[in-house]
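The values are calculated or read from the model by the stated rules, or taken from the named source; none is laboratory data. Since we're looking at a predicted model, the values are computed, not measured. Cβ placement follows ideal geometry from the backbone for every residue including glycine, while neighbour counts extend to all protein chains displayed.
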Ligand code: BGC
């Protein structure tokens with residue numbers, strides 16, 4: 001493979017292809033349908049430039065062989081030179097946002113919020129490298145990661161995709177994660193995608209896809225800042241965001257997409273729209289498409305209606321709404337990225353180095369994930385010297401999230417909204433399984449009913465949230481649902497997770513379990529599995545020790561490593577912890593927090 005890095009060579013190669021392309025071929029390159037809506041024959045007939053898997057969308061039995069077979073078929077269709085066409089290899093994109101977690105048996109790393117707690121950029125690069133290899137094992141070349149959102153309101157359902165509410169911490173990871181994924185864009189690299197440009201974490205009341213109301217200085221300082229190191233590292237793609245900036249949707253924002261990102265910041269890769277994100281710009285689909293492409297969107301991610309989209313695009317070019325120069329610029333950018341990645345020189349997916357490699361879910365990747373779990377745990381409270389535990393302690397393990405790999409992985413794992421139970425997360429350990437491995441005498445009683453002071457010295461109660469993704473994780477009242485509908489277009493409002501930041505309101509049964517065990521005179525160590533800090537004052541008051549474990553992923557054994565003192569606690573809070581339900585916003589928590597950002601007690605050794 002001889003991918004050139006010289007911009008002039010890349011540009012010349014792209015131009016040479018561009019000259020030979022028909023309009024249909026050019027517009028086809030700009031399309032990215034979802035796999036279930038477009039077959040290899042469609043790729044061939046419409047010259048499609050890319051295909052994606054939406055959250056949880058997978059071929060066959062969701063094994064690497066199924067992925068390779070699918071990607072081979074798409075690739076072969078794109079490489080057809082029938083009718084004198086110019087073969088342009090297709091790019092396949094996935095949401096490998098915490099490992100290649102849609103695939104059965106992949107290593108599932110902690111979600112970003114937990115990585116924020118590790119404060120360890122080296123670790124981030126190693127996670128990204130391992131993820132890249134697992135992606136390549138399935139014949140995929142592109143992941144929609146990293147998310148560089150700076151979440152400012154804990155009610156946002158995507159808070160767990162944000163490393164921190166502190167732009168500096170997000171920025172400290174951005175380049176390292178991109179480097180880990182892309183490497184030198186040779187055999188071991190995949191194409192990264194910084195998302196969502198821009199201001200996704202700043203929406204009012206944390207509404208997913210809502211409105212970020214800040215002046216340009218604040219947008220630049222807080223939300224644009226983490227992109228600078230990613231761009232300097234050469235991230236090849238950027239995804240437009242669903243949210244609006246001061247009422248104008250980012251997907252149609254020429255100033256943000258073209259003037260700032262491509263102009264002032266010199267981004268030379270291409271901009272992909274988010275999932276049907278163009279649709280919300282205008283009730284009239286054709287008008288919406290015109291706005292997005294003219295604003296600077298280069299490739300359109302379209303779930304199903306890609307044929308209609310392509311037909312509109314064709315008409316918009318014919319009637320002059322979209323100038324040909326804009327189409328040529330978009331396609332040139334796509335071709336440059338494909339050349340830069342060496343896609344034209346790569347053999348079919350089945351013949352690539354990492355294809356079907358047993359690195360997917362391999363022990364060395366799981367070891368990195370387990371290290372990340374250990375480093376991400378934040379000890380909020382510790383009284384009475386209960387920790388570390390010893391294997392000979394008589395331990396009761398309780399709580400809905402104790403033996404639930406699905407819950408500890410959270411959303412964007414096997415299914416868009418995640419899974420429940422252990423069946424879909426192949427490999428790894430639940431938190432309970434990790435504890436049992438160290439302390440074989442421990443007892444599991446999910447509802448805590450087996451608690452018995454004469455038989456148990458200590459109880460570990462693993463509580464928290466169930467999995468969710470995007471707007472379905474929002475915390476908002478039903479009466480506020482309509483509030484976002486006037487942001488210069490339509491708005492997608494998914495049903496929220498709940499309407500309170502207080503765990504005892506969302507899941508009162510968790511507190512009941514803790515109380516019932518405490519009432520029997522057994523001290524409780526609580527482990528919270530959640531995508532964000534929640535108000536847990538009652539649960540804290542009832543616990544002798546309290547650990548925030550975030551969404552640790554498949555390697556729940558990392559929790560036992562630290563509880564039993566092999567490693568000490570070393571994670572620190574990437575978000576200030578709310579003292580009351582009024583503490584959803586970063587500003588409110590700056591004024592009053594139960595624990596400030598950076599808090600984290602330590603015990604014993606760290607490594
Ligand atoms: C999300 C993106 C994701 C895309 C593709 C969208 O709903 O906002 O983050 O990359 O789906 O699955």
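State whether one or more residues within the range 216-238 are more than 15 Å from the ligand (Cβ to nearest atom), under 25 Å from residue 475 (Cα atoms) and buried (at least 24 other Cβ atoms within 10 Å of the Cβ).
yes
Test of understanding: among 194, 145, which residue is within 16 Å of the ligand (Cβ to nearest atom) and part of a strand (DSSP E or B)?
After ruling out the rest, the residue left standing is 194.
When you check residue 521 against the structure, is it under 30 Å from residue 363 (Cα atoms) and touching a residue at least 40 places away in the same chain (Cβ under 8 Å), yes or no?
No.
Scan the range 40-54 and report the pairs whose first residue is within 14 Å of residue 140 (Cβ to Cβ) and whose second residue is within 16 Å of the ligand (Cβ to nearest atom) and assigned to a helix (DSSP H, G or I), with Cβ atoms within less than 6 Å and a gap of 6+ or a chain change.
51/35; 53/35
Taking the options 551, 601, name whichever one is touching a helix residue (DSSP H, G or I) at 6+ places or on another chain (Cβ under 7 Å) and either modelled with pLDDT under 95 or under 15 Å from residue 527 (Cα atoms) (or both).
Of the residues listed, the single one that is touching a helix residue (DSSP H, G or I) at 6+ places or on another chain (Cβ under 7 Å) and either modelled with pLDDT under 95 or under 15 Å from residue 527 (Cα atoms) (or both) is 551.
Which one is farthest from the chain's Cα centre (by Cα) among residues in the range 523-540 that are crowded, with 19+ Cβ neighbours inside 10 Å and within 20 Å of residue 560 (Cβ to Cβ)?
Out of the qualifying residues, it is 524.
Scan the range 50-71 for residues that are within 16 Å of the ligand (Cβ to nearest atom) and more than 23 Å from the chain's Cα centre (by Cα) and report the count.
Summing the residues that are within 16 Å of the ligand (Cβ to nearest atom) and more than 23 Å from the chain's Cα centre (by Cα) in the range 50-71 gives 0.
For residue 340, all conditions in the list (1) farther than 27 Å from residue 541 by Cβ; (2) touching a strand residue (DSSP E or B) at 6+ places or on another chain (Cβ under 8 Å) hold save one; what is the number of the exception?
Result: residue 340 fails condition (2) only.
Does the range 354-391 hold any residues that are assigned to a loop (DSSP other than H, G, I, E, B) and under 19 Å from residue 564 (Cβ atoms), and which are they? Break it down into steps so the answer makes sense when it comes.
Our first condition is that a residue be assigned to a loop (DSSP other than H, G, I, E, B); within the range 354-391, this holds for 354-362, 377, 383-391.
If the condition is that a residue be assigned to a loop (DSSP other than H, G, I, E, B) and under 19 Å from residue 564 (Cβ atoms), then 377, 383, 384, 385, 386, 387, 388, 389, 390, 391 are the ones that fit.
Looking at (1) part of a loop (DSSP other than H, G, I, E, B); (2) in contact with a helix residue (DSSP H, G or I) (Cβ under 9 Å, 6 or more places away or on another chain); (3) more than 16 Å from the ligand (Cβ to nearest atom); (4) at pLDDT below 95, can you tell me which one residue 486 breaks?
All conditions are met except number (2).
Among the residues of the range 107-126, count how many are part of a loop (DSSP other than H, G, I, E, B), closer than 21 Å to residue 430 by Cα and more than 16 Å from the ligand (Cβ to nearest atom).
So the answer is 4.
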